[in-house]
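Please read the structure below before turning to the comments.
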Amino acid sequence: MIKQIFKHSLVFFVLIILFYLINKYLKNNILEKYTGLITDDFYEQLQQNNYKLDKKNKEIIFCDANNNCIKKSYINHFNTPEGTKLTVNKTTTSQILNKHNIPVPKFSVINIKQDEAQVLIKMNENNITFPIVLKPIDGTFGIDVITNIENVEELTNTLEYFRNKKRYRNIMLEEQIEGDVYRIFVFNNQVIDIVKREKPYIITNGVNTIQELIDMRNKDQIKKKLFKTKNISENYLKKQGYKLSDTPRKGLKIFITDIINMHNGAIISKVDLNKVPVENIEMFIKVNQALGITCSGIDYLSKDVTVHYDKNYSKVLEVNGRPDTEIHTKLEDRSNRSFFKKIAGSIF
């Protein structure tokens, strides 16, 4: 009897620990502050547009003066299940966009069981040279995206990293594109908003270590109601010639991660749509048309989105079929929710 009680208690204890670890992982890596399209602010905007929200059937309804009503389903951000599923697969998305002459990075799919010699052959076949990026085919939030792989040794180590994860069979290999990551929100054949995301960095003061400066920056981010940089890349620091314990001379700009994500402390700023070339706007809209979706968050790599995409080797990195909206509203005044106003005005 005592043994059974002890056994059940041990199992219960293990389950509690496991639940805690899973919850912590999800909180830090996946579920952190994802904000969908139908929020309280958007619902308020729908009411201002005299729309009704049928939460049970997940529909937005508009009725004219004669009580003629039109309904639109908002499941999957107004996209079809097929369209949303399509955008999850990065390789299929890139293949379709490439077929429609939309600029995407050169890429290849590799099996993690392949050794570096076989991967190098694939790189050569696809005219891809170092530096490269390896990432999951269906990943989100920058999880397990390894950038700045510059040589065979780093390629070998990265392949081993993915093998140890045990949940990946195939991964995506891409050429690395220089620039910032822009999030383009496209809805119903309109570019609604563009937000620029820059790599998190510190400016050295000659007094504090890099780790101390990162901690200071993270505290400042929290004060501003922004996100901390949790995914610190010691390897990326090493490539710049530093380690966390160093105290470099004053006035240096040092990047602390190569994951450019708002939830990883990226610097965000709004882009004036009037400064973006019409060719770029048309290309972003064409992305949705090629994939057969209504709403998307396009990740666009470019040194400058206000320059024609053909003139600075800019590329569409990936497309999100259920894009986060918080990045677009984070910098807005609550009294002027222009982002949701634009979407609400474009539904019908």
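The values are calculated or read from the model by the stated rules, or taken from the named source; none is laboratory data. Since the structure is predicted, the reported quantities are computational estimates derived from the model, not experimental observations. Virtual Cβ from ideal backbone geometry, glycine too; neighbours counted across all protein chains shown.
Odds and ends about this structure:
- Residue within the stretch 178-190 that is in contact with an Asp or Glu (Cβ under 6 Å, 6 or more places away or on another chain), in contact (Cβ under 8 Å) with a residue 24 or more places away in the chain and not aromatic (Phe, Trp, Tyr) present: yes
- Candidates 150, 116, 160 - the one that is surrounded by fewer than 19 Cβ atoms within 10 Å (Cβ to Cβ), over 26 Å from residue 314 (Cβ atoms) and touching a helix residue (DSSP H, G or I) at 6+ places or on another chain (Cβ under 9 Å): 116
- Any hit, the stretch 124-146, residues being assigned to a helix (DSSP H, G or I), modelled with pLDDT of 95 or more and either among the hydroxyl-bearing types (Ser, Thr, Tyr) or farther than 17 Å from residue 178 by Cα (or both): yes
- Qualifying residue in the stretch 203-218 (condition: more than 22 Å from the chain's Cα centre (by Cα), farther than 30 Å from residue 280 by Cα, in a strand (DSSP E or B) and aliphatic (A, V, I, L, M)): yes
For every residue, the table says whether it meets (1) in contact with a helix residue (DSSP H, G or I) (Cβ under 7 Å, 6 or more places away or on another chain); (2) of a type outside the set (A, V, I, L, M); (3) surrounded by 17 or more Cβ atoms within 10 Å (Cβ to Cβ).
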{"residue": "212", "(1), (2), (3)": "no, yes, no"}
{"residue": "245", "(1), (2), (3)": "yes, yes, no"}
{"residue": "249", "(1), (2), (3)": "no, yes, no"}
{"residue": "263", "(1), (2), (3)": "no, yes, yes"}
{"residue": "266", "(1), (2), (3)": "no, no, yes"}
{"residue": "272", "(1), (2), (3)": "no, yes, no"}
{"residue": "279", "(1), (2), (3)": "no, yes, no"}
{"residue": "300", "(1), (2), (3)": "no, yes, yes"}
{"residue": "310", "(1), (2), (3)": "no, yes, no"}
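- Yes/no for residue 121 being closer than 22 Å to residue 318 by Cβ and of a type in the set (A, V, I, L, M): no
- Residue list for the stretch 145-175, filter: in contact (Cβ under 8 Å) with a residue 60 or more places away in the chain and within 19 Å of the chain's Cα centre (by Cα): 145, 147, 148, 171, 172, 173, 174, 175
- Restricting attention to the stretch 187-202, the residues that are crowded, with 22+ Cβ neighbours inside 10 Å and part of a loop (DSSP other than H, G, I, E, B) total 1.
- Enumeration of residues in the stretch 37-55 that are of a type in the set (Lys, Arg) and over 28 Å from the mean Cα position of the chain (by Cα): 52
- Residue list for the stretch 284-298, restricted to those being among the polar types (S, T, N, Q) and buried (at least 19 other Cβ atoms within 10 Å of the Cβ): 288, 294, 296
- From the list 184, 171, the one residue that fits, being surrounded by 14 or more Cβ atoms within 10 Å (Cβ to Cβ), touching a strand residue (DSSP E or B) at 6+ places or on another chain (Cβ under 7 Å), at pLDDT 95 or above and closer than 30 Å to residue 73 by Cβ, is 184.
- Count of residues meeting criterion [closer than 18 Å to residue 321 by Cβ and of a type in the set (D, E, K, R)] in the stretch 185-204: 1
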